[in-house]
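The values are calculated or read from the model by the stated rules, or taken from the named source; none is laboratory data. Keep in mind that this is a model prediction, so the values were computed, not measured. Counting neighbours? That spans all protein chains shown, and the Cβs are built from the backbone with ideal geometry, glycine included.
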Amino acid sequence: MLRPLCPEIPGHPLHVIQRGRLRSACFFGEEDCVAYLGWLGRYATRFGCSVHAYVLMGNHVHLLLTPSRTGGVAGLMRSLGERYARYVDATHHRGSALWEDRYEAVPVHVRRYLLSCMRYIELNPVRARVVAWPGQYRWSSFRANALGQNDALLTPHAYYCALGRDAESRQAAYRALFHDQAPVSPSRRARVRVPTALRRTAGG
């Protein structure tokens, strides 16, 4: 059973990191990402958690979540992890454990770190040299938070909403946080972390 590394407090955001067991792959193609995000939305609603940012990499996941009640994140991650693991077992005929026994859950100080945490999460594909710019990667929240693409999974945090009076100004202010990120060239090293099928759909 998946267990957290820290307690959770209702109304306080957590940066959650869930890794594949022994850093092995947990996403093998586009359909896996679609399935995972679908169940993430379902269980986030069931357990009263708001999703502010996310990225799916080849062997791990980053989520920025705010629970509305004690145990919400734990219930979400347990149900999501078990449901997705059953899907992978059935679809890809894997018999071994998919996830590490514990997921990391780090409290995020809203005023100091919330926007920085969102930026960190959405820059994962750039740091991994999968893409040169976060907007090129399909499996993250960047296109919604920075470009206005509709994503029903997300609930904007109040601190993000304070960036501007309307959606366009908020997105522009959020994009500005990424301007000091120097573009990088995608590297062959990225294939270890992100399967080829996910790389093909990165810009889709």
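Per the conditions (1) surrounded by fewer than 15 Cβ atoms within 10 Å (Cβ to Cβ); (2) in contact (Cβ under 8 Å) with a residue 60 or more places away in the chain, the sole criterion not satisfied by HIS52 is (1).
Return yes when MET77 is at pLDDT 95 or above, closer than 14 Å to ALA105 by Cα and among the hydrophobic types (A, V, I, L, M, F, W, C) and no when it is not. Considered against the rule, which asks whether it is at pLDDT 95 or above, closer than 14 Å to ALA105 by Cα and among the hydrophobic types (A, V, I, L, M, F, W, C), MET77 comes out as yes. Of all residues in the stretch 66-103, those satisfying the criterion of being crowded, with 16+ Cβ neighbours inside 10 Å, farther than 14 Å from ALA35 by Cα and of a type outside the set (Asp, Glu) are THR66, PRO67, GLY72, VAL73, ALA74, GLY75, LEU76, MET77, ARG78, LEU98, TRP99, TYR103. Looking at the stretch 151-204, which of the residues that are modelled with pLDDT under 55 and part of a helix (DSSP H, G or I) is farthest from the chain's Cα centre (by Cα)? For the stretch 151-204, the residue satisfying everything is ARG188. Does at least one position in the stretch 113-135 carry a residue that is more than 16 Å from the chain's Cα centre (by Cα) and more than 25 Å from GLY58 (Cα to Cα)? Yes, the conditions are met somewhere in the stretch 113-135. Could you tell me whether ALA146 is under 20 Å from LEU64 (Cβ atoms), crowded, with 16+ Cβ neighbours inside 10 Å, among the small types (Gly, Ala, Ser) and in contact with a strand residue (DSSP E or B) (Cβ under 9 Å, 6 or more places away or on another chain)? It is false that ALA146 is under 20 Å from LEU64 (Cβ atoms), crowded, with 16+ Cβ neighbours inside 10 Å, among the small types (Gly, Ala, Ser) and in contact with a strand residue (DSSP E or B) (Cβ under 9 Å, 6 or more places away or on another chain).
Restricting the search to the stretch 55-88, which residues are of a type in the set (Phe, Trp, Tyr) and either free of Cβ contacts under 8 Å to residues at least 40 places away in the same chain or touching an Asp or Glu at 6+ places or on another chain (Cβ under 7 Å) (or both)? So that I can check it myself, show each step before the final result.
If we filter the stretch 55-88 for residues that are of a type in the set (Phe, Trp, Tyr), which is where we start, we get 84, 87.
If the condition is that a residue be of a type in the set (Phe, Trp, Tyr) and either free of Cβ contacts under 8 Å to residues at least 40 places away in the same chain or touching an Asp or Glu at 6+ places or on another chain (Cβ under 7 Å) (or both), then no residue fits.
All conditions in (1) part of a strand (DSSP E or B); (2) farther than 30 Å from VAL131 by Cβ hold for HIS52, with the sole exception of (2).
Among the residues that make up the stretch 29-36, is at least one of them surrounded by fewer than 19 Cβ atoms within 10 Å (Cβ to Cβ), touching a residue at least 12 places away in the same chain (Cβ under 8 Å), in contact with an Asp or Glu (Cβ under 9 Å, 6 or more places away or on another chain) and of a type outside the set (D, E, K, R)? The answer is no; no qualifying residue exists.
The set of residues from the stretch 76-104 being in a helix (DSSP H, G or I), touching a helix residue (DSSP H, G or I) at 6+ places or on another chain (Cβ under 8 Å) and closer than 23 Å to ARG46 by Cα comprises LEU76, SER79, LEU80, ARG83, TYR84, TYR87, VAL88.
For the stretch 107-130, the count of residues that are in contact with a Cys (Cβ under 7 Å, 6 or more places away or on another chain), outside any loop (DSSP other than H, G, I, E, B) and surrounded by fewer than 21 Cβ atoms within 10 Å (Cβ to Cβ) is nonzero.
Look at the stretch 108-123: where a residue is in contact (Cβ under 8 Å) with a residue 40 or more places away in the chain and a partner is among the aromatic types (Phe, Trp, Tyr) and surrounded by 21 or more Cβ atoms within 10 Å (Cβ to Cβ), sitting 6+ places away or on another chain with Cβ atoms under 6 Å, you get GLU122/PHE142. Among the residues examined, ALA44 qualifies as out of contact with any Cys (no Cβ under 8 Å at 6 or more places or on another chain) and crowded, with 21+ Cβ neighbours inside 10 Å.
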